[in-house]
Amino acid sequence: MSNSGQVLSREEVAALVEAMQSGEMETSAEAPASSSVQPYSLVANDTTSRSQLAALEMINDRFSRQLRGSLLTLLRQAVKVSSTPFDVMTFNAYLQSLPSPCNVNIVRFLPLRGFGLVTLEPAIVYGAVDSFFGGRGGASLELSPQRGFTPTEERIIQLLLESIFENLREAWAPVYALNPEYVSREINPAFAQVGEDRETVAVSRFDLEIGPDVRGQLTVMYPFSALKPIRLLLRGRVQTGDRDEKLAARWADQLREAVSDAELQLVAQLATLRVSALDLATIKAGDTLWFKPPPSVKVLVQSAHLFDAEYGTADNSVAVRIDRIIEPPAAARESDEGHHGDGSDEHGGDASAVGNKARRGGAGSKRMAGVSAA
């Protein structure tokens, strides 16, 4: 028998046997060097990162804003809707996070493959029913797994789902033409087995508040396997849609109309007199206050100096003619300088009457004018 390829010689093998028999060499199996090592399956686990779904955050923000308006129309009550950062987790972990019982709706996000979930906590359903029928959304009941939802509650749930689906379509429109479709409904989340326990899913959560006491959560679950074909689209940013531009234009027109109808106080201030508190206390009816006619009249709008004007008469009435428009920064400074004696404004009407007489005597007149205290 040839010894070619033999690693150890006869002498080395004999030495090893002798060391093992004498106990000089340890022969028992050792424990693994590190207990932190865990098995990893390249098939079962998905290497999904939030950066691959960056656009989902903006889609959720658009959805929450649009859903707020839709629920206001449906329930005739303002509903606060706020989105939270979406989560990437396993399907089993998502089911464990849902309360039981709960309104669990199995949906398809056509044309994507697979099934997703849309869930509503019972408090949201009861609050929506109470608000829909004229209440303030303050109904609070505990749903029993044996009881389920009544036909009326089921109908309200369907109306909520239609509103949610419509707003999801509009929120996704700038990225992808997603069309949610209702499949079935469950009360126990454990029965909604639409995926494997270790399958990766993306979960969007929205906090809803109906009235002062009703708070609950709406969740939308997307299987990551369905989002894989459009990952490149979800890495980008959502572009502004035509609907947003139309809403912004309509909102600007409504705001412009509302501002145009707002009432403002306009005061033509002929003069501001500075007097001591002692002199002010001694003023009585029939006293005369003397001042120099100013070169122009300050026109104040809501206490802000916006115009300089010339005072006089027109059609036998006291009038002012705008000479100069004050820029906003200058107007703010002039307004701060003019707020020294608020008590003197009460005599503004008498001051204008006497000042007009002095004006008719000449624009450059330097003589003193008198004001009789009323």
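The values are calculated or read from the model by the stated rules, or taken from the named source; none is laboratory data. Since we're looking at a predicted model, the values are computed, not measured. Methodologically, a virtual Cβ is constructed for each residue, glycine included, from the backbone with ideal geometry; neighbour enumeration extends over all protein chains shown.
Observations
- Test for Asp308: is it of a type in the set (Asp, Glu), in the same structural domain as Glu327 (by TED's automatic domain parsing), farther than 16 Å from Ile326 by Cα and surrounded by 10 or more Cβ atoms within 10 Å (Cβ to Cβ): no
- Put simply, of Val43, Val37 the only residue that is modelled with pLDDT of 65 or more, among the aliphatic types (A, V, I, L, M) and at negative phi is Val37.
- Between Arg68, Arg76, the distinction of being more than 30 Å from Asp197 (Cα to Cα), in contact with a strand residue (DSSP E or B) (Cβ under 7 Å, 6 or more places away or on another chain) and charged (D, E, K, R) belongs to Arg68 only.
- Test for Glu263: is it among the acidic types (Asp, Glu) and in a helix (DSSP H, G or I): no
Condition check ((1) closer than 15 Å to Ile230 by Cβ; (2) touching a Pro at 6+ places or on another chain (Cβ under 8 Å); (3) part of a helix (DSSP H, G or I)) across all residues:
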{"position": "Leu159", "(1), (2), (3)": "no, no, yes"}
{"position": "Pro174", "(1), (2), (3)": "yes, no, no"}
{"position": "Arg185", "(1), (2), (3)": "no, no, no"}
{"position": "Ala190", "(1), (2), (3)": "no, no, yes"}
{"position": "Gly195", "(1), (2), (3)": "no, yes, no"}
{"position": "Arg198", "(1), (2), (3)": "no, no, no"}
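- Considering the range 274-293, and only residues there that are of a type outside the set (A, V, I, L, M, F, W, C) and touching a residue at least 60 places away in the same chain (Cβ under 8 Å), the residue that is farthest from Glu310 (Cα to Cα) turns out to be Lys284.
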